[in-house]
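Take a look at the structure below.
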């Protein structure tokens, strides 16, 4: 309903308009009436109507003076003049004050209805335009956040980006948002989620929940015990944590600090989630442009397992060559960057993009002289593992196809970089051509956006209709896509996310049940308790014991 205020010193006119005009039928409500301009200003200030209908000649303050004051105050609504004065000068002043319509008394009821109806239609159109603009701004904001994360991921992996230009306006903007990149030193922790049947046998949606839970625990620990950090997801089961370090801190001391932190991360994640992590520690870098080198070192330490920091957890540190000469092969090859770019291409089933990535990697192998057959086959096995993990992570089961195609047997015959490139492209072709025509990328990304949005906004009032508007799909079609991709309904997934968070909060023992219910999006405590018992088999109070 749109609110209307009528201002006229003729009481008969006010009574007639209040009673004769079918306000509700027109989608309006008469909020109140006033007998002069000053009273009208007060009423408008109190009630904030969408439409003002006013006479011109009135005692105390006339209509034109009132309109001038409203314009000065920035009143955004519609103004209609209904006056017995039809002189040109009044019309000219009204036009100057941007009045929406000017009617001369006596005006018929039909005419007044038409003018009010036109004002309502204009308000409806303006509201639609405003909502569209807000949605566009929100979409741009989400896209900027996505670009920022992609840029940070590229900094940490050294990856190339199809949507960001290095050294341009984007880079300057993101550096302003992350000033520590230019003022601090940096060290990377390479985190691997160790393989387990609990994760590998889970549905894609549940694997998303596992990653969400791991990131939550890691984020809370890092915030508490380190403070200044960034965290990005890499391909499949890897996460890179960028630790900002006081530039005056010596290399050895910074690494010792990171080792103590890494132990805490591994132990706490296992205690809370029963998920095993492996962590590699890279070297300290004083230039943000060399952060990707620390990332490579961290994951190389993980792969080699040669420098265990302690015996009770899987934590490894990168050691520079004893001769002190920098390991140039790491700087040139950058396998983590390659694996990340390959995984992204496979995840989106972009065959040409994957071919470009593989081509660059093969040329680099040749440049650094890493052409021994055993080394080439090792890289091939690692690539196949990355591809399998990526497909598994996206819910695409091609394991039978990859296992029965003789790929692993053919890999044993690879003895040159060219042979490895042909073998890798055979793998990529099998994967991408299997997918061609079967997946609408836009729809897949829409569901992934919804999954991420739920994980970040689970405490809010989430509706499928609202999210359908965000991804520009109909509610029913998004519901169908969501069930096909996730394997359960939207409401079931939201409930699952909320219950997982509720279990963690209750286990902490710091909050009352009604507080936990509110923190995960439920105002109705009995309803929350019913859902919790249905999900876990226990009442919240029993779960806390």
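No lab work stands behind these numbers, since they all come straight from the coordinates. Model, not experiment: these values are computed from the prediction. Glycine also receives a Cβ, built like all others from the backbone with ideal geometry; neighbour counts cover every protein chain displayed.
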**Message:** Rg/Rh for the stretch 175-231 to two decimals, with Rh computed the Kirkwood way over all alpha-carbon pairs.
**Reply:** 1.10
**Request:** Enter the per residue convex hull volume of the chain, computed from alpha-carbon coordinates, in Å³ rounded to the nearest integer.
**Result:** 225
**Message:** Over the stretch 184-319, what portion of Cα pair distances is larger than 24 Å, expressed as a whole percent?
**Reply:** 24
**Item:** Euclidean distance between Cα centres, the stretch 180-258 to the stretch 376-390, Å
**Value:** 23
**Message:** Given the DSSP H assignment, sum -39500 (n - 2.57) over each helix run of at least 4 residues in the chain and divide by its residue total; what's the result at 222 nm in deg cm²/dmol, nearest 500?
**Reply:** -19500 deg cm²/dmol
**Prompt:** Using alpha carbons only, how many degrees (0 to 90, rounded to 10) separate the axis of helix 37-47 from the longest principal axis of the chain?
**Reply:** 30
**Request:** Sort 58, 519, 156 so that the residue with the fewest other Cβ atoms within 10 Å of its own Cβ comes first and the one with the most comes last.
**Result:** 519, 58, 156
**Fill in**
Relative contact order in percent for the stretch 419-537 (Cα pairs under 8 Å, 6+ apart) equals 22
**Request:** Largest first and in whole Å, give the semi-axes of the stretch 459-544's equivalent ellipsoid, each being the square root of 5 times a Cα gyration tensor eigenvalue.
**Result:** 28, 13, 10
**Item:** Projected label distance in nm at residue 173 and residue 249, using a 7 Å step from Cα toward the beta-carbon
**Value:** 3.1
**Request:** Using a Förster distance of 35 angstrom, determine the FRET efficiency expected from the C-beta separation of residue 122 and residue 430, and round it to 0.05.
**Result:** 0.05
**the chain, relative contact order [Cα under 8 Å, separation at least 6], %** = 9
**Asked** Give or take rounding to whole Å, what are the principal axis extents of the alpha carbon atoms in the stretch 15-56, in descending order?
**Response** 29, 20, 13
**FRET efficiency, residue 310 to residue 463 (Cβ-Cβ, R0 45 Å, nearest 0.05)** = 0.40
**Asked** If you average the sequence gap of Cα pairs under 8 Å that are 6 or more apart and divide by the length of the stretch 2-128, what percent do you get for the contact order?
**Response** 23
**Asked** What ranking of 263, 409, 96 emerges when the number of other C-beta atoms within 10 Å of each C-beta is taken as an exposure proxy, fewest first?
**Response** 409, 96, 263
